[in-house]
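First up is the structure itself, then whatever we jot down about it.
Read-outs throughout are calculated quantities, based only on the coordinates presented, and are distinct from any laboratory measurement. Predicted, not measured: the structure shown is a model, and the values here were computed from it. A quick note on method: Cβ atoms are made from the backbone with ideal geometry, for glycine too, and the neighbour counts reach across all protein chains shown.
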């Protein structure tokens, strides 16, 4: 796309933002003050991130600003900047903004209070991107312009290191230690499969100590992995485990499974089952069902891998018209 674009993210990393920005020939700007992580420092963190976002936009003068939500304050700052300072070019055309509304913006109880503001901002946006049909229905009720855009297949950095290679049978559990993930059930499932080594991703500092105390010996906490180390983990295991309690979730881990041609065991939630129809074993979030699903995935690894490769082509063909619609809106 020949329009200058930037993607603002108020977190430490976003695979979806990286993928979309690359497709638009734009750049991602991470505005996240890691030193201000304490709960009581959140207002100060948002204030600093807001100031830095404004300064970045003043420097770059983009024509299109994509911004991830939550938190709601990121699109709020972007919308104000576009309204007050976003004019560019000899004819004074005003910059437009696009909200990339993640599942939490519409469905998580932490952000329920912000939905009236999200409604207002979405009605002023060029378009609001969403990752599930339920969120798209909400935008339609708000009379806001919405587009259901599934994630593109990530362009993963080549693998470095040997993480994920210890143990005869290995799975990677894709986690962020969010409260909508059944981590306790994963630990219980691992006890039922002592012959399987579980590599659990995500920053364990986000988990309560009482939960971590339940970790069995065959579970390895990898910490938060980036770049080649994360790709190495995906490459070295025999399958992925992608679990959520959120019914409307389309996990980034599912797209990574397709990119790496790995079978997956996933929570049986409507959005996941509707989009990932081949190469996935779906389970309810109980320890017994998770263990059984992982064992089935390992037993059927060869067949499921073939299905995942086919699913990759299906998803790419399904997504292309959606992405072309987005670029047409931004020209």
Rg ratio (alpha-carbon, reference 2.2 N^0.38 Å) - the stretch 5-149: 1.00
Counting DSSP beta bridges with both ends in the chain, the antiparallel % (nearest 5): 5
Average Cα contact separation per residue, the stretch 59-156, under 8 Å, 6 or more apart, as relative contact order %: 23
Computed Kirkwood radius, in angstrom, where 1/r is averaged over Cα pairs of the stretch 123-239: 16.6
Neighbour-count order for 162, 82, fewest beta carbons within 10 angstrom listed first: 162, 82
Residue with peak Gaussian network fluctuation, the chain [Cα springs, cutoff 10 Å], from 118, 24, 234: 24
C-alpha center-to-center spacing [the stretch 111-162, the stretch 262-298] in angstrom: 24
Tilt relative to the chain, helix 115-124 - C-alpha long axis, 0 to 90 degrees, to 10: 50
Computed E for residue 180/residue 51 - FRET, C-beta separation, R0 41 angstrom, nearest 0.05: 0.85
Of all DSSP beta bridges in the stretch 169-314, antiparallel share, percent nearest 5: 5
Rg followed by Dmax, in Å, when the stretch 81-164 is reduced to its Cα trace: 17.2, 55
In degrees, nearest ten, helix 287-299 long axis to first principal axis of the chain (Cα): 80
Two-decimal Rg to Rh for the chain - Kirkwood Rh, Cα set: 0.98
Which of 288, 168, 18 has the fewest Cβ neighbours within 10 Å, and the rest in rising order: 168, 288, 18
Inter-label distance, nm, simple model (7 Å from Cα along the C-beta direction), residue 329/residue 192: 4.2
Residues of the stretch 92-126 with amide N under 13 Å of a point placed 7 Å along Cα→Cβ from residue 30: none
Sorted by Cβ density within 10 Å, fewest first, the residues 160, 231: 160, 231
Rounded if a/c under 1.5, otherwise prolate or oblate - the stretch 125-191, Cα gyration tensor axes: oblate
